[in-house]
Structure formats: structure tokens, C-alpha cells
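K.L.:
What follows is a single structure, and I will ask about it in a moment.
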Amino acid sequence: MNKMKLGVNIDHVAVLREARRVNDPDIMHALYVATNNGADQITIHLREDRRHIQDVDARDIITHSSIPVNLECAIDKEILSIVCELQPHRATLVPEKRQEVTTEGGLDVFGSAEQIRSAVAQLHAASIPVSLFVDPSIEAMKKSKELGAEMVELHTGTFANLFAMLNSSLAYTNHSVKEFELPRSELTQKLEQSLQAIKDAAAHAHSIGLEVAAGHGLNYHNVSYMMEIDEIIELNIGQSIVARSVFSGLAEAVQEMKKLTTR
Ligand code: PXP
């Protein structure tokens, strides 16, 4: 049996739709195609600024999905009460800044501990299991457990950025990232360190009874590194799948990622 769940994040289908504010591409069509081509879970993020997924999308997806829906949300009073009402299979708490292009780092589990603790309690009171999107460090794993989460999703953005910098023919590289100036030997060392941090965090989280997911910046070129980490049981992947679907169609893009994430 495959021990890795593929969570397909379809936010970017809604990004394209919102560019014209017409119902095209249809997010429910994306749900249907992802489900029928290997997705084990659908992941969506109801952002405070509603830049892609709208309330009606979240409701329709949760109501009609035949596979679990992982709803990402910020620690915000209005959003949390919507999430409690929508009853997704799981909620993943993420940090959110209005100006960011995408979620840039994990939750501040130390600085925002009390807000996180009370959000977790509110979701649990509504019978919704909670995952915390956190940076891969042993301390963050311990704190996530103490805050009451049953799962952590390890932020793989640092790893993915470094991987892209070292393999720039394979992936568009964000040239504003300061590490881009570093010599390759240093980048390689940093990449190894970032991977080791993910491995250590995953092992520790597992040892204290947390389920472990990972996500952010994972793509067809770097996902194999995550497949080597036994404790990781779920990957949430969005941008690379939707980007590939522009050229090959969503069905093939999901199938291809499913092949790479089967063990
Ligand atoms: N996991 C979480 C918690 C996220 O916020 C995101 C981005 O929305 C993803 C996974 C997917 O990241 P990407 O779109 O880079 O694959």
C-alpha cells in the first residue's frame, strides 16, 4: 500500500479564474479531475483577502468532494468561525501576510503560542483535526505538540529555493533571494543542511506522536528528496502541478506527480 498521500492544492486554478472574474476555469472541474487522477486529498487556502478561493468554493468543495479536504487558514476570528462551520476533514493553520505572494514561512509557534493554542482548541471543539504549518526545527515540533496539534506540515520552502538555485535550468529562480549570490559549494552545503533539518524535524515529530506532512515549493524535480523520509506521510503540492497542467492538462500533471509520490 502506498504510504504517501498526495494532497493536490488547487488554489492556483482559482488564481487564473480570479484574473478575469468569470467561472473559467471551473474549480469544481479541477476537483473532479484531480480526484480521478491520483489525488488522495484536496488542499485549499481560504485567505483573508480572498485572492483565489472564495467562501462559496470552499463550501462547494467540502460538500461535494469524495476525498478529504484540507482547509488552510490563518488565525483570524472571522476565518476560523467560517472554517468551524464548513467542517473540512482537517484545518491547517498557516501564517498569512496580505502583501506576500505566497506563504513565506512557518507559523511563529513561540511568539504566537497563545493565539495558536486557542485556535487549535476552537477547531477541536468543532471536531476538526488540526495541522500546524511550521518551519522544520526540533523546537517547533515540541512546541506544536504542546499546543495541541495532531499533525505538523513542514515548510519545505527553504529547501525548494536552494534546490532551484542549484538547478536553475530546471526551475525559475527567484533572483531576489540573497543566497543566489553565494558560490555553488556554499549553496550545496545549505541545501544539505535544509534537507537534514527536514529529516530531523520529521523524525522528532514522529517520535512524539505527531503525524508529519510537508509542502511548499515541491515540484517534479525535487519531490524525490521528500520520498526518502519515511516519517512524512503526506505532501501538499499546488503551484508546480497547476503550472504543468497548462502544458499537459491537469489529469496528466496529477498522474505524473502521483507516480513520483508513490512508494
Ligand atoms: N502547504 C501549505 C501550508 C501552503 O500554504 C502551500 C501554498 O499555498 C502549499 C502547501 C503548496 O505550496 P506550492 O503551491 O508551492 O506547491
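The values are calculated or read from the model by the stated rules, or taken from the named source; none is laboratory data. Quick caveat, the model's predicted, so the values are computed rather than measured. Please note: Cβ atoms are built from the backbone with ideal geometry, for glycine as well, and neighbour counts cover all protein chains shown. What goes into the accessible areas is simple: the full protein's heavy atoms, side chains included, and nothing from ligands, DNA or RNA. Shrake-Rupley method; radii C 1.70, N 1.55, O 1.52, S 1.80 Å.
K.L.:
Hey, got the dipole for the chain? About the Cα centre, +1 on K and R Cβ, -1 on D and E Cβ, debye to the nearest 20?
P.N.:
About 320 debye.
K.L.:
What three numbers, in Å, describe the spread of the alpha carbons of the range 17-80 along their principal axes, ordered from the longest?
P.N.:
Sorted largest first, the three principal extents are 34, 27, 16 Å.
K.L.:
Kyte-Doolittle mean at least -0.5 and Cα extent at least 24 Å along the axis: which DSSP H helices of the chain qualify?
P.N.:
Values: long enough: 184-207 (34 Å, -0.75).
For the chain, where a helix must reach 24 Å along its axis and average at least -0.5, there are no hits.
K.L.:
Now for a different question. Please identify the trypsin sites (Lys or Arg not before Pro) of the range 43-83 that satisfy two criteria: DSSP loop assignment and at most 15 other Cβ atoms within 10 Å. Which are they? Mind showing how you got there, number by number?
P.N.:
On the way: sites: R47, R50, R51, R59, K77; in loops: R47, R50, R51.
For trypsin sites (Lys or Arg not before Pro) across the range 43-83 that sit outside H, G, I, E and B with at most 15 neighbouring Cβ atoms in 10 Å, the list reads R50, R51.
K.L.:
Still on this model: Between N9 and residues 5 or more places away or on another chain, which pairs have amide H atoms under 5 Å apart, with H built 1.01 Å from N, and which residues are they?
P.N.:
Hits under the 5 Å cutoff: T43, I237, G238.
K.L.:
Can I ask one more? What longest range of the chain stays clear of loop-exposed GluC sites (Glu not before Pro) (DSSP non-H/G/I/E/B, at most 16 other C-beta within 10 angstrom)? Present the calculation step by step, with values, prior to reporting the outcome.
P.N.:
Values: sites that count: E48, E100, E104, E150, E228.
Within the chain, the longest run free of exposed GluC sites (Glu not before Pro) spans 151-227.
K.L.:
List the lysines whose Cα lies under 28 Å from the Cα of K3, skipping any in the same chain that are fewer than 8 positions away.
P.N.:
K142, K143, K145, K199, K258, K259
K.L.:
If you line up the Cα atoms of the chain on their principal axes, what length do they span on each, largest first, in Å?
P.N.:
Taking the Cα atoms of the chain, the three principal extents are 49, 44, 42 Å.
K.L.:
Moving on to the next point. When only the heavy atoms of the protein chains count and the probe is 1.4 Å, how do C73, C84 rank by accessible area, highest first?
P.N.:
Details: C73 0, C84 25 Å².
Ranked from most to least accessible, the order is C84, C73.
K.L.:
Work out, in µm²/s and without decimals, the Stokes-Einstein translational diffusion coefficient of the range 1-115 at 25 °C, 0.890 mPa s, Rh from Kirkwood over C-alpha pairs. Intermediate results must be reported in sequence, preceding the final value.
P.N.:
Details: Rh = 14.8 Å.
Value of D from the Cα-based Kirkwood radius: 165 µm²/s.
K.L.:
Top to bottom by accessible area (1.4 Å), largest first, where do H89, H221, H45 land? List each step's numbers first, then the result.
P.N.:
Values: H89 95, H221 75, H45 5 Å².
The ordering from most to least exposed comes out as H89, H221, H45.
K.L.:
Let me ask something else about it. At 222 nm, what value in deg cm²/dmol follows for the chain if DSSP H runs of at least 4 each add -39500 (n - 2.57) and the sum is divided by all its residues, to the nearest 500? Please list the in-between numbers first.
P.N.:
Working: 11 runs with 121 residues, N = 263.
Helices in the chain give a 222 nm mean residue ellipticity of -14000 deg cm²/dmol.
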